[in-house]
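The values are calculated or read from the model by the stated rules, or taken from the named source; none is laboratory data. Keep in mind that this is a model prediction, so the values were computed, not measured. Ideal geometry is used to build each Cβ from the backbone, glycine not excepted, and the neighbour counts take in all protein chains shown. Just so you know, the surface numbers come from the protein's heavy atoms only, side chains and all, with ligands and any DNA or RNA stripped out. Shrake-Rupley method; radii C 1.70, N 1.55, O 1.52, S 1.80 Å.
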Amino acid sequence: MNADIRPIRTPAEQALVSALGSLPETGGGRLADLRRASARAFVENGLPHRRVEEWKYTDLRNLMREAVPLASPATVARADAGARLLNGADLRRIVVANGAVVRELSDLDGLEEGLSIATLADALASGDAVLGQLGGIVPARYDAALALNTALASDGLVITVAPGAQIERPVHVAHVFAGDIAAASFARSLVIVGAGAHFTYAESFEGPEGLAYQANVATEFVVGDEAHLDVVRLQEEGAAAIHLATLLFDVGRKAQLHTFGFSSGAAVARTSLYATLSGADSHVAFNGAVLVKDRQHVDSTLFVDHTVPGCESRELFKHVLDDNSRAVFQGKIVVRQAAQKTDGRMMSRALLLGDDAEMDNKPELEIFADDVACGHGATCGAIDEDLLFYLRARGIPLKEAQSLLVQAFVGEAIELVENDVLREALVERAEGWLRARG
Amino acid sequence: MAMLEIDNLHAKIDGDEGKEILKGLSLKVNPGEVHAIMGPNGSGKSTLSYILAGKEDYEVTDGSVTLDGEDLLEMEIDERAAKGVFLAFQYPIEVPGVATMTFLRAALNAQRKKRGEAEISTPDFLRLVKAKSGALGINPDMLKRGVNVGFSGGEKKRMEILQMAILEPKICILDETDSGLDIDALKVVSEGVNALRSPDRGMIVITHYQRLLNHIVPDFVHVMNKGRIVRSGGKELALELEANGYAEYQQDAA
Ligand SMILES: Nc1ncnc2c1ncn2[C@@H]1O[C@H](COP(=O)(O)OP(=O)(O)OP(=O)(O)O)[C@@H](O)[C@H]1O
Ligand SMILES: [Mg+2]
């Protein structure tokens, strides 16, 4: 209706379109074609806005207006100083600063048998055959964040775990934005877990507090038959940052996949998770904890596609909202006609600490099979007054009583993280968030 | 001045226009005294205990409550606890996800902190809990669970008395601590309460049954009806109530 007064492109869109235009022509090949197609799609569609169904609650065109240049590489010293999350834990750490792997800070020696880790830049340069799988998992609908990532990311990781390999020590990819100028970084990774292998993949995100940088990451996970993959994400971007993440999963037969996302950072964060269950009898769980305050906006959007029979999917998301913050949970489980005996259960719970906080819960089921057990639920409310009274009647001050109850609330989800080191780290991050509330 | 002085207390449900629950209740508790309050269902006994503990669902419309001369009604809930008010709940609630030991320690340390005392050390705390829970026949496994989670009715009541024993309050208010206890548990819990009787501690024991008062022998017995104390006497009053019921008081008050 007011199309004539709205500029066709926001400054941010204009900057991205010019960045896409200045991309070097990478020549022929499938990946180059994919890159060009993604760029074209973005030029046509721009950033998603509230009239795009999947982005209804996260009007990115509006939330991401400022034009920022593409990030330039960080110095090793700055990257080192900035990457603090999950340090010290016994994890194999790889640092990715401003979208590029920093070899000097990455523990790439003495890889366990069956584990191989290459940078995406190297894999692209050498034309590694494994890249035949990059871009192989395609969401049902056009996703602007993913399209930008596909077009603009030039580094990231390519990790393969050989069939049957049991890799005990988790790999931790520490993403950090380091620099003084707000810029946009893009990182793309591919993780292939072979049949029967066992692997734990962690990633963390952080950056300077006051800087309005943008981090766009996308990772594709190919989970082989009877493989077991745990993914743990810790998103603690700086308070002015924009974090856009896309996680893509293809899950094989009798596989186990558990993901956990802990999100307490960024001014605006959106995580889109697409999972296709393409082998029968697998078990997947996508869980998360979101803790937000001030004017933060954090969106968790899940799309779980049951295409084969006998799979079990579980989602449990806990949101804690203080001040004027906003959290969005959109979860869609699709059960195709062939996916008989699907057992799917999705739950999103929110605890509102701030009077002006807003939670948007949109769980959905779309079922085409007739013999399934599926359910979803969503709750949203303040801390139970009776519980608070009980704790306070024993002398525990209000803030501390609230902290204990919030910890219990998110603890129910964090408890689901299998790896001890990572689970304890997340409990500690939740405690830290509560302590910072004062 | 008595340790706890309740004078002409009037209270209603917060926000509710008509319903007055306490209608001019007065009671004085001196250190060392045990007062039993008996009275028909709905007479306002639990309401009185909640108001003393600071529950925000009620509005005091008239009267006063002081603890050692200080205005209790002005204090925050946790401040009252730190000053020594303890309510053993009629219906203790479950607090899933908060470990019992974490809760006990947070409560004890918060109270000590507010009184300007140092935090208790871990070994001292463990010793304290072990000694007190052992005396109350509390299974160590229960302490590993969330607060009251999955406890039986009787176990919840024991847990209340354990909290009381650890926190060592000045004024203990026991709201129907005997309900839900089997005969042996009643004895154990009563012994736990008696162990806390001391010349510096006052107690208000709310109960429907004379049986409890055989174990915890009160100095005074009060009959509460329709929001006030309508008769007070010695421990023999409980026996009289057991025999005759509340009919005569209900007629009086009507
Ligand atoms: N929060 C509340 N909302 C509505 N009514 C209430 C509330 N609290 C108490 N009342 C009412 O006030 C009256 C007194 O209740 P209270 O629980 O204090 O009685 P009681 O003497 O403890 O009874 P019982 O012996 O059954 O435990 C009852 O009529 C009760 O319904
Ligand atoms: Mg009662």
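Per-structure values
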item: Cα pair count fraction exceeding 17 Å, expressed as % - the range A:258-334; result: 46 percent
item: Histogram of C-alpha separations across the range A:157-291, 10 Å bin width, %; result: 13, 43, 29, 13, 2
item: Diffusion constant of the range B:1-138 at 4 °C, which comes from Stokes-Einstein with the Kirkwood Cα-pair radius and 1.567 mPa s, µm²/s; result: 75 µm²/s
item: Neighbourhood charge, 14 Å Cβ-Cβ cut-off, centred on B:R201 and excluding it, Lys, Arg +1 and Asp, Glu -1; result: -2
item: Cα-derived Rg to Rh of the range A:297-361, Kirkwood definition; result: 1.14
item: Acute angle (nearest 10 degrees) that the helix B:122-135 long axis makes with the longest principal axis of chain B, alpha-carbon atoms; result: 50 degrees
item: Within the range B:64-88: backbone nitrogen closer than 18 Å to the B:E168 label point (7 Å, Cα to C-beta); result: B:81-87
item: Summed residue charge, Cβ within 10 Å of A:V417's Cβ, Lys/Arg positive, Asp/Glu negative; result: -4
item: Dimensionless Rg ratio for the range A:167-242, taking C-alpha atoms and the 2.2 N^0.38 Å reference; result: 1.30
item: Selection from B:Q163, B:G153, B:S179, by position along the positive dipole direction of the range B:137-185 (Cβ); result: B:Q163
item: The range A:108-252, dipole about Cα centre (Lys/Arg Cβ +1, Asp/Glu Cβ -1), debye to the nearest 20; result: 380 debye
item: Under-5 Å amide H pairs with B:I37, H placed in peptide plane, nonlocal only; result: B:V205, B:I206, B:T207, B:H222
item: 5 Å-binned pair-distance histogram of the range B:99-144 (Cα, whole percent); result: 5, 22, 28, 25, 13, 6, 1
item: Cα extents of the range B:27-69 along the three principal axes, largest first (Å); result: 30, 26, 16
item: Whole-percent carbon and sulfur share, accessible surface of the range A:291-369, 1.4 Å; result: 43 percent
item: Rounded Å value of the spacing that divides the Cα centres of the range A:110-128 and the range B:113-138; result: 56 Å
item: B:M203, A:M347, ranked by accessible area, largest first (probe 1.4 Å); result: A:M347, B:M203
item: Calculated FRET value between B:K28 and A:D323, using beta carbons and R₀ = 35 Å, to 0.05; result: 0.15
item: More than 20 angstrom apart: percent of Cα pairs within the range B:102-254; result: 56 percent
item: log₁₀ of I(q)/I(0) at q = 0.21, 0.24 Å⁻¹ - the range B:165-233, Debye sum with one point per alpha carbon; result: -0.97, -1.19
item: Projected area, mean over directions - the range A:1-139, Cα convex hull, nm²; result: 12.1 nm²
item: 10 Å Cβ neighbours from other chains, averaged over peptide A:164-171; result: 0
item: Test item: Cα-centred dipole of the protein assembly as shown, Lys/Arg +1 and Asp/Glu -1 on Cβ, debye; result: 280 debye
item: Shielding by other protein chains, A:377-390, mean Cβ within 10 Å; result: 3
item: Reach of B:K12 by Cα under 27 Å, taken over lysines that are not fewer than 8 positions away in the same chain; result: B:K23, B:K28, B:K45, B:K55, B:K83, B:K170, B:K226
item: Cα gyration tensor of chain A - equivalent ellipsoid semi-axes, whole Å, descending; result: 31, 27, 24
item: Fraction of accessible area attributable to carbon and sulfur, the range A:163-218 (%, probe 1.4 Å); result: 59 percent
item: Computed [θ] at 222 nm, deg cm²/dmol, chain B (DSSP H ≥ 4; -39,500 (n - 2.57); rounded to nearest 500); result: -11500 deg cm²/dmol
item: Relative counts (whole %) of C-alpha pair distances in the range A:112-155, using bins that are 10 Å wide; result: 21, 47, 27, 5
item: The range A:121-192: C-alpha pair distances exceeding 17 Å, %; result: 57 percent
item: Shielding by other protein chains, B:100-107, mean Cβ within 10 Å; result: 3
item: Solution diffusion estimate, µm²/s, Stokes-Einstein, the range A:213-344, Kirkwood Rh from C-alpha pairs, 25 °C, viscosity 0.890 mPa s; result: 163 µm²/s
